[in-house]
Amino acid sequence: MRRHFLFWTRTRGGAVRTSRPLAPTARAAVYLVMAAVALAVLLPGRALAQTRQLSTQGQLLDRIVAIVNSGVVLQSEVDNRMKQVETELRAEGLSPPPQSVLQKQVLHNLILEHLELQQARQSGIRISNDTLNEAMKSVAARNHIPFADLPTALAQEGINYAAYRQQMRNQLAIGLLRERDVLERIVVTPREVDQFLARQAREPTSNAEFDVSQILIAVSPGATPTQLAAAKRLAEKVDRLAKSGKNFAKLAITYSDSSDALKGGNLGWRKGFDLPTFLTDVVPQLKPGEVGNVLRTASGFHIVKLDNVRLQTHKDIVEQVHVRHILLIPNAIQDAATVRERLEKIRKEILSGKVKFSVIAASVSQDPGSASAGGNLGWQSPDAFTPRFAAAIAKLKVGQISKPFQTRYGWHIAQLLGRRKFNETKEMKRLHAIEAIRASRAEEDTQLWLQRLRDDGYVRVLAG
């Protein structure tokens, strides 16, 4: 049986959920690239139709297909990504588009990835080997194989392990960059929360989930009237094709400028109020299989299809845990083994009564969100934490302190302070409303951010 070694996505409800205080969140981006490239001197104005790396027999091994600021995209990257995308499309039951169409979409995504990785490096974002290994262990666990067997399993699928690790490292770095530059900058006002809750109370769609796909014909914020008119004509053409019964996923792969284009434009299952803001009024009015009218937003023109809908039952009574923790992050000076030993020593000192948990947490914990509160994470639903963190505290009795354990963010010890069945209060509903509003804006804000990155950068696609 074929395993699907897919990567995490940035979309809501992705592979890892974490509470706000659990150190920097890493929501990943989609379809990320590998390949180590030798540095080349790029002279302005010089013809760069192709740069050859020659073997002793003079065989062409690679060439540059695009210049992205001070970096390059190689033909080998495009070829490798096309093979990966074709495999994933077939796994989803979709026929790949013509090679010329697929190559154009893949190159578009690779250019954006290079821009994001350059921005991440300039911002000092680095993914440690421990964090990367944690992510790789998660991939192995999701595919039900031992971590030690992952290289062999990948090789059987024709995937190079070293390249896969690099691709995963890039993905995590881009996820952190988007978290910092997009998601953390979404501000939700009290009035917006009030309006959200009032609307949720009067509309039945609050208990529904929607499987939605979209096609985006992007428009740059600085587009001329001529460019705007051309984009509108293309959007109307695609809309007509979609409504005439053409396969929506293939149309998305062919025409969409969105980062989800190579997934057939599918956004996945979303709660009614977790949909992108511009879709919250539109999607609930559609019937499954129906394509809506063209929508204009700041990022461009959207064609939307409702694939399916399902009702969700809401639980007013939820289980919560009260936890505090200490987080230490390995670095060049203190490796993972040293950090683990240090946490074990701290645990013994707490258990012996030499120090108080809250005092030592405030002085040594590297979680900026909880250290000042003595490591206190407050009352949380267990699924608000990463799977490994949730698994560690699930084994604890009230008052018990865990042995050191590792998550993708570093090494922890945690103490369970209490468990309870909780009836969601007005305050909790407001917190959930804030989360939903932020999620609904993330799609559009991320697309605008990506467009600005491309507009501000130097990108030159070279002729084949």
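Data table
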quantity	calculated
Segment 340-397: relative contact order in percent, alpha carbon pairs under 8 Å with at least 6 residues between	19 percent
By average C-beta atoms within 10 angstrom, highest first, the peptides 102-113, 290-301	102-113, 290-301
Relative packing of peptides 237-243, 148-154, 353-359 - highest average C-beta neighbours within 10 Å first	237-243, 148-154, 353-359
Alpha-carbon centroids, segment 303-378 and segment 127-154: separation in whole Å	22 Å
Estimated FRET transfer efficiency (Leu351, Lys429; beta-carbon r; R0 51 Å; 0.05)	0.85
Under 5 Å, built H, 5+ apart or other chain: amide partners of Asn376	His325
Segment 137-273 - percent relative contact order, Cα under 8 Å, separation 6 or more	25 percent
Under-5 Å amide H pairs with Leu74, H placed in peptide plane, nonlocal only	Val65
Additional length obtainable on full extension of the chain from Ala373 to Gln227, 0.36 nm per residue less Cα span	47.3 nm
Cβ-based net charge around Ala163, under 13 Å, with every Lys or Arg adding one and every Asp or Glu removing one	+1
Asn331-Arg185 pseudo-label distance in nm [points 7 Å out on the Cα-to-Cβ vector]	2.7 nm
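None of the figures in this text is laboratory data; all of them are computed from the coordinates on show. Everything quoted here is computed from the prediction, not taken from an experiment. As a convention, Cβ positions derive from the backbone with ideal geometry for all residues, glycine included, and neighbour counts pool all protein chains shown.
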